[in-house]
Amino acid sequence: MKILVVGGGGREHALCWSLRRSPFVEELFCAPGNPGIAEVADCVPVAAGDIVEIADLAEKLKMDLTVVGPELPLALGIADEFAKRDLPIFGPSRLAAQIEASKVLAKEFLRRHGIPTAEAAVCSSIEEALGALKRLRYPAVLKADGLAGGKGMLIVETREEADRALALFFGERAFGSAGDRILVEEFLTGSEATFLAVCDGQTAVPLPTSRDYKKVYDGDRGPNTGGMGAHSPSGNLDSAGSSRVFKEVIRPTIAGLASEGRPFRGILYAGLMITEEGPKVLEFNARLGDPEAEVVLPRLQSDLAALLLAAARGELDRNPAIDVKPEACVGVVLASRGYPGAHESGKPICGWREAARVPSVELFHAGTGRDGDRLVTAGGRVLVVTASAPTMAEAASRAYEGADRIEFEGKHLRRDIGRR
């Protein structure tokens, strides 16, 4: 097989790393890739958002499959562009990807199909939002309708906090057009989990559960980020709980999307709150999570290339059951100072080769670049240090041992990933 992966972050590095282990993959390309990806794939300097140019590339190189990592090209309709040219691709259509691209659409979909979720109101102004907050009461959650890189969600506990948050959305327009409409949502209590499923439009196959840590500081404090770490399994979903999620969330979502003319072919991400009443959907994504991908994919013993090709062809029902390693995987994100806000790049990174020598440690590059022969920082999230072990505690210990061997100016990390 000849495969093209679209994207250039930690998720795409994990995808390329996992695909490269397949005996079926003869050639592997990534657009645009990064220095870590370049060690396992041929990187092509095409931006992930240039969907026509990516389709041209896949057509020219006669790719057997293109795998889309990030949300932007999906929201722009890359799968539709490929379909027009009869090119094989793993990723949902633009219509199906709206389950992530619009929080409002997702909430209305959940209501229509009776899938458990929090109460919410759609608001287009400060006045509407304040009225909704009065009805739903504090604490409450404010979410930007559109794509905001995982940062468009704020929790408010008082009227004063609500005034400041609503000024960010509607006054300062901190989230741009993504915040033109917001959801004012009931605050759910419980523990979070991520449930991923590979889908072919009709059939879904669950991947290992996981949990990510969105807040920038230990103890879930500070602003939301794209994710400061993750572990798999989630730790709060046993086999019975996972079966319930699959029955009450994944199956009705796939069936509902198909019935509405937007069949979902790709990876469905259900962000869940496990409450006393059972699992409730916080959000949907239309692709692998990041950094969840970095801790889920290392646990797969099944051939990822064969699995994704079967889904792209609509043949998941013919694919063997997924085989998962009976161990835990913990991933720790090393971020630049200031993330998720303004941060500097170009800082030399030292010790990464030494970190990779820690037993069972894998390094996934999220925001790195090259300055001559030196590896340097090139983003808010720089590296994801993962480790696998028989227990969560041992996996976390190894991941932090690897993380502590890496140094760059302004390095920031959480110290509580997988420690609960």
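Percentage of Cα-Cα pair distances in the range 31-123 greater than 18 Å, rounded to whole percent? For the range 31-123, the share of Cα pairs beyond 18 Å comes to 53 percent. Asp404 exposes around 70 Å² of accessible area when a 1.4 Å probe is run over every protein chain in place. Please list, short to long, the whole-number percent of alpha-carbon pairs of the chain in consecutive 10 angstrom bins beginning at zero. Pair shares across the bins are 5, 23, 33, 28, 11, 1. In this simple spin-label approximation, Glu276 and Leu61 carry label points 7 Å from Cα along the Cα→Cβ vector, and these lie 5.4 nm apart. May I ask you to list the lysines whose Cα is less than 23 Å away from that of Lys151, ignoring any residue fewer than eight positions away on the same chain? The qualifying lysines are Lys103, Lys107, Lys143, Lys214, Lys215, Lys280, Lys411. Rg and Dmax over the alpha-carbon atoms of the range 250-330 stand at 14.4, 39 Å.
Taking the Cβ-Cβ separation of Asp238 and Glu260 as r and a Förster radius of 51 Å, what is the calculated FRET efficiency to the nearest 0.05? Present the calculation step by step, with values, prior to reporting the outcome.
Working: r = 32 Å, r/R0 = 0.63.
Step by step, r from the Cβ atoms, then E = 0.95.
When the Gaussian network model of the chain links Cα atoms closer than 10 Å, the mean-square fluctuations of Ala395, Ala255, Ala14 top out at Ala255.
Separation of the range 237-266 and the range 139-186, taken as the distance between their Cα centroids, equals 28 angstrom. Would you calculate the separation in nanometres between label points at Glu401 and Asp220, each defined as 7 Å from the Cα along the Cα-to-beta-carbon direction? Inter-label distance under the simple model: 3.0 nm. The ellipsoid equivalent to the alpha-carbon distribution of the range 150-306 has semi-axes of 29, 19, 16 angstrom, derived from the gyration tensor eigenvalues as √(5λ) and listed largest first. Relative contact order for the chain: 16 percent, from Cα pairs under 8 Å spaced at least 6 residues apart, divided by residue count.
Once the C-beta distance of Leu130 and Val52 is scaled by a Förster radius of 41 Å, the resulting FRET efficiency is 0.40 to the nearest 0.05. Label zone (Phe246, point 7 Å along Cα-to-C-beta; backbone nitrogen cut-off 16 Å) within the range 303-324: 316-324. Assuming R0 = 25 Å, what is the FRET efficiency of Arg374 and Arg415, from their Cβ-Cβ distance, to the nearest 0.05? For R0 = 25 Å, the calculated efficiency reads 0.35. Looking at the chain, the DSSP beta bridges with both ends there are about 80 percent antiparallel.
Taking a quarter of the surface of the Cα convex hull of the range 288-412, what do you get in nm²? Display every interim value, and only then the final one.
Numbers: hull surface 36.5 nm².
The number I arrive at for the range 288-412 is 9.1 nm².
Per residue, what volume in Å³ does the Cα convex hull of the range 84-157 take up? List each step's numbers first, then the result.
Numbers: hull volume 9.7 nm³, N = 74.
Measuring per residue, one finds 131 Å³ for the Cα hull of the range 84-157.
Which value in Å does the Kirkwood hydrodynamic radius of the range 347-419 take, with 1/r averaged over all unlike C-alpha pairs and then inverted? Before the final figure, lay out each step's value.
Values: mean 1/r = 0.0797 Å⁻¹.
When all Cα pairs of the range 347-419 are included, the Kirkwood radius is 12.6 Å.
The values are calculated or read from the model by the stated rules, or taken from the named source; none is laboratory data. Please read all numbers here as calculations on a predicted model, not as lab measurements. A quick note on method: Cβ atoms are made from the backbone with ideal geometry, for glycine too, and the neighbour counts reach across all protein chains shown. The area values use the complete protein model at the heavy-atom level, side chains included, leaving out ligands, DNA and RNA. Shrake-Rupley method; radii C 1.70, N 1.55, O 1.52, S 1.80 Å.
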